[in-house]
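What follows draws every value from the coordinates through simple rules; no lab data is involved. All values reported here derive from a predicted model rather than from experimental measurement. Neighbour counts run over all protein chains shown; Cβ positions are idealised from the backbone, glycine included.
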Amino acid sequence: MRWFVLGVVALAVLVSLAAGALADDACHCGGQKSEKSATTRTLTTRFTYKAVVPELPAGTKALDLWLPIPSDSQWQTVRDVQVSSPYPYRITQEQKFGNRMVYVRAENPQAPMTVIVSFVVERKEVKVLADGGQGKDCSCSDRCNCAHCRADKALRQLSSQPETLVPVGGRFLTIATEVTQGKQAKLEKIRALFEHVVATMQYDYKRESPKLGEGDVAFVCDFRKGNCSDLHSYLISLARSLGIPAYLEYGFPIVGIPIPDPLPKEGKIGGYHCWTWVYDERVGWFAVDASDARRWLDANRPEVKDFLFGNLVLERSAVAVSRGRDIVLNPPQKGKPLNYFIYPYAEADGQSVKVNWELTYQLLP
């Protein structure tokens, strides 16, 4: 098994493609950005992501494997991408949200098959509404038609529509209207929805939900318990029902709650974390983490709960990998669109097969 390192030029081209699709990238129009706080923290981390297809159906002629990798954005820079694969691979990007992935095509494959991807992420603390926060990333007028603003408008439109498990309107409009009664400003309405989710939903520490992590809003609304994907999907449904654009972003934390001190320099990551990006005309896009807000409240840290409206805890959002739901990969999978894309996915002759994964991290100076 050989290590293939992406050339600087090739990586630069891929990053530029991703930048055009991601709405929270740096402004390309000359708009003035807010001065960043001198206290903004960063984490520089090497992640090593291993995908293993342990078994294949007898007589498998072709295996397709997709493994998600992060993109550059306003909040992170990705570099030194390395891929170890026994079969040819390429880096691709899906069209809906611009999520990137390593795609491996194996003819007459042999199991087990292992693909390892390593990358370094320099991640800035996401602070938009906190003191010293980034603020709105662009001062373009509403009539601006630059590449950045076109991508942003497309993302807002996409983030206002229903998804397979995230309905818009109906009972969720009724709930959202009741929760935001008396609120005039959109930011006040978003805050009311955030507080509603934190107050009425429980984090499913014991994994009791039969639909844990699916983000099935109709189920979560009744069950009142779930993980980050469940709580944020419910929040997104309420926001979109009021005409407020919102979308889900998936990434990985390097620690749990509470955050250990000192921070472990390396370790194994047990699972994903996700948060919601919401749009307000005056503020722009900002992040809220209602799921972790609930968990910090359970840990008797209400001040962190309040911080998570408009900001993210750096160690809990050490890398953003993908965004959105109902994902069609590139090249397209034979199966139905993915509910989300944070773990490796594989098909043998067009049929979904099991993929084991392991993700480790190492903090760099």
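Quick notes on this structure:
- Listed pairs LYS124/LYS153; LYS189/LYS334; LYS127/LYS183; LYS96/LYS211; LYS96/LYS127; LYS211/LYS354 exceeding 31 Å between Cα atoms: LYS189/LYS334
- Neighbourhood charge, 14 Å Cβ-Cβ cut-off, centred on TRP357 and excluding it, Lys, Arg +1 and Asp, Glu -1: +2
- Prolate/oblate/rounded call for the stretch 147-322, Cα gyration tensor, a/c under 1.5 rounded: prolate
- 0 to 90° range, to nearest 10: angle between helix 147-158 axis and the chain longest Cα axis: 80
- Most mobile listed residue (LEU158, LEU67, LEU263) in the chain, GNM with C-alpha springs under 10 Å: LEU263
- Take every Cα pair under 8 Å whose residues are at least 6 apart in sequence, average their separation, divide by the length of the chain, and the relative contact order is 24 percent.
- In this rough spin-label picture, where each label sits 7 Å from Cα along the Cβ direction, the ALA111-SER352 distance is 1.6 nm.
- 0 to 90° range, to nearest 10: angle between helix 228-241 axis and the chain longest Cα axis: 50
- Between the residues PRO54, ILE244, PRO332, the greatest Cα displacement towards the positive end of the dipole of the chain, with unit charges on the Cβ of Lys, Arg, Asp and Glu, is found for PRO332.
- Where labels lie 7 Å past Cα in the beta-carbon direction, separation of ALA154 and GLU266 in nm: 4.1
- Size of charge dipole - the stretch 147-322 - debye, nearest 20, with Cβ of Lys, Arg +1 and Asp, Glu -1, no other charges: 220
- Pairwise centroid distance, computed over Cα atoms, of the stretch 305-333 with the stretch 344-365, Å: 17
- For the chain, calculated [θ]222 nm from helices alone, where every DSSP H run of n ≥ 4 adds -39500 (n - 2.57): -7000 deg cm²/dmol
- Applying both filters, DSSP loop and at most 15 other Cβ atoms within 10 Å, to the trypsin sites (Lys or Arg not before Pro) of the stretch 278-365 gives ARG282, LYS334, LYS354.
- Within the listed set GLN93, GLN74, GLN181, the residue fluctuating most in the Gaussian network model of the chain (springs between alpha-carbon atoms under 10 angstrom) is GLN181.
- Only one residue of TYR234, THR180, THR200 has its Cα farthest out toward the positive end of the dipole of the stretch 147-322, where Lys and Arg carry +1 and Asp and Glu -1 on Cβ, and that residue is THR180.
- For a straight C-alpha distance cut-off of 20 angstrom, the aspartates and glutamates reachable from LYS265 (same-chain residues fewer than eight places away being disregarded) are ASP80, GLU122, GLU125, GLU315, GLU358.
- Of all segments of the chain bounded by GluC sites (Glu not before Pro) found in a DSSP loop with no more than 16 other C-beta atoms within 10 Å, the longest spans 56-207.
- Alpha-carbon centroids, the stretch 238-288 and the stretch 156-220: separation in whole Å: 15
- Within the listed set PRO302, PRO344, PRO167, the residue fluctuating most in the Gaussian network model of the chain (springs between alpha-carbon atoms under 10 angstrom) is PRO302.
- Multiplying the residue separation of THR164 and LYS96 by 0.36 nm and removing their Cα-Cα distance gives an extension gain of 23.0 nm.
- Nitroxide proxy distance, nm - points 7 Å out along Cα→Cβ at ASP298 and ASP131: 3.0
- Electrostatic dipole magnitude of the chain [Cβ: Lys, Arg +1; Asp, Glu -1; Cα centre; debye, to 20]: 260
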